[in-house]
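A.B. asks: Sending over a structure as structure tokens; questions will come in a sec.
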Amino acid sequence: MEIVIKNLDKKYGKNKVIDSVNCTMHKGIYGVLGRNGAGKTTLFRMIAGLIEKTSGEILFKENGNYLKDREIDGLIGYLPQEFGMYPDFTVSEIMEEISILRNTIKLNRKDEINSLLEKVNLLECKNKKYKELSGGMKRRLGLAQAMLGTPKILIVDEPTAGVDPKERIYIRKLLSEYAKENIVMLSTHLVEDIEHICEELLIIEQGKLIYQGKIDDLLLKASNNLGIREFCTLDEFQEYYCNNNVLTFRRECNKIIATVPKIKADIKEFNVDLEDAYMWKISEGENL
């Protein structure tokens, strides 16, 4: 399976939300990063066929052939950022309803639903009403419904929002396994989720795709441009922060470690992480 996106635009009035995006995705898991309002959700909704593009193409290719519109039905599973259902429906009823809407095979419907609920640790809650679920349970239910019918493209927007650390690790494992045979697109504000399970990365900034490639390649580029400064007190750090470009910072051994442009660094070599590299990339071109 392959997704081919060519010169994709989306406008709302005069506001261009997606601006000339070109990319290709194959089997595997793709992390998607961007600030709030960058266009990630709009891109996802266009790929899922929920909103119309303004111009450009979104093509799906399998075994060397482009698929026709009627062949795309059931191809995509989608977990939106805001997943809501009728509050008085039970977990099983929600899964059954969505399964019917997706035209999944009737004979296997009950078995598939139970299998997916077991995968997301909700089987024991299948008779609970939606309004009785915690935020984390609702996200897990949303992930289960997205996987109904085993779609070849799985798009998940903030799948670990509101879940505890143990559940987050489990969801990361689940998505990694799914991506062995399918395309998974994962958007999250939790950079470590992407760093732990993705090899490929897309970064969207103001509707433009400013990076697509291997995470390791981005880390290498960032390491050539970044260094760190160490501060012994918070006051010392805050004074520097007010007058200089600080990309990220953290506490370490009673010091504050700030990631800064290499030209202003005390220490030139350090282990760049994805948060450092991401902040460097979206700041590229600014006065660093």
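The values are calculated or read from the model by the stated rules, or taken from the named source; none is laboratory data. Computed from a predicted structure; not experimentally measured. Using ideal geometry, Cβ is built from the backbone for each residue, glycine included, and neighbour counts are taken over all protein chains shown. Heads up: the accessible areas ignore ligands, DNA and RNA and are worked out on the full protein's heavy atoms, side chains in. Shrake-Rupley method; radii C 1.70, N 1.55, O 1.52, S 1.80 Å.
A.B. asks: Mind listing the long-range amide H neighbours of Val32? Cut-off is under 5 Å, sequence gap 5 or more, other chains count too, H placed in the peptide plane at 1.01 Å from N.
C.D. replies: Residues meeting the amide H criterion: Leu186, Ser187, Thr188, Leu202.
A.B. asks: Moving on to the next point. What list of ³J(HN,Hα) couplings, whole Hz, do you get for region 190-198 from phi and the Karplus terms 6.51, -1.76, 1.60, once you set θ to phi - 60° and write x for glycine and proline?
C.D. replies: My calculation for region 190-198 gives 8, 4, 5, 4, 6, 4, 7, 10, 9 Hz in order.
A.B. asks: Further question: Identify which of the listed values of Rg and Dmax of the Cα atoms in Å was calculated from the structure shown: (1) 22.1, 69; (2) 21.2, 67; (3) 19.6, 67.
C.D. replies: (2)
A.B. asks: Taking all protein chains as present, what is the carbon and sulfur share of the accessible area of the chain, in % to the nearest whole number, probe 1.4 Å?
C.D. replies: 47 percent
A.B. asks: Where does each of 157-163, 61-67 land if you order them by average Cβ count within 10 Å, highest first?
C.D. replies: In descending order of packing, they fall as 157-163, 61-67.
A.B. asks: Whole angstrom only: what separates the Cα centroid of region 59-78 from the Cα centroid of region 225-258?
C.D. replies: 49 Å
A.B. asks: Skip the ligands, DNA and RNA, and give the accessible area per residue of the chain with a 1.4 Å probe, whole Å².
C.D. replies: Accessible area per residue: 53 Å².
A.B. asks: Cα to Cα, under 20 Å, and not fewer than 8 places away if on the same chain: which lysines meet these conditions relative to Lys221?
C.D. replies: Here the lysines satisfying the reach criterion relative to Lys221 are Lys208, Lys262, Lys264, Lys268, Lys281.
A.B. asks: A further question follows. Output the peptides 32-44, 68-80 sorted from most to least packed, where packing is the average of other Cβ atoms within 10 Å over each peptide's residues.
C.D. replies: So the order, starting with the most tightly packed, is 32-44, 68-80.
A.B. asks: Taking Cα pairs under 8 Å and at least six residues apart, what relative contact order does region 1-151 come out at, in percent?
C.D. replies: Once divided by the residue count of region 1-151, the mean separation gives 22 percent.
A.B. asks: Also, quick follow-up: Would you work out which of Ile183, Ile47, Asn22 lies farthest towards the positive end of the dipole of the chain, given +1 charges on the beta-carbon of Lys and Arg and -1 on that of Asp and Glu, about the Cα centre?
C.D. replies: Ile47
A.B. asks: Separate question: Distance check, please: which entries in Lys126/Lys214; Lys152/Lys214; Lys27/Lys53; Lys180/Lys214; Lys152/Lys173 exceed 28 angstrom between their Cα atoms? Could you put the intermediate results ahead of the total?
C.D. replies: Details: Lys126/Lys214 39 Å; Lys152/Lys214 22 Å; Lys27/Lys53 24 Å; Lys180/Lys214 17 Å; Lys152/Lys173 18 Å.
The answer is Lys126/Lys214.
A.B. asks: Please report the relative contact order for the chain, taking Cα pairs under 8 Å with a sequence separation of at least 6, and give it as a percent rounded to a whole number.
C.D. replies: Contact order relative to length: 20 percent.
A.B. asks: Which order do peptides 20-27, 179-186 fall in by mean Cβ count within 10 Å, highest first?
C.D. replies: 179-186, 20-27
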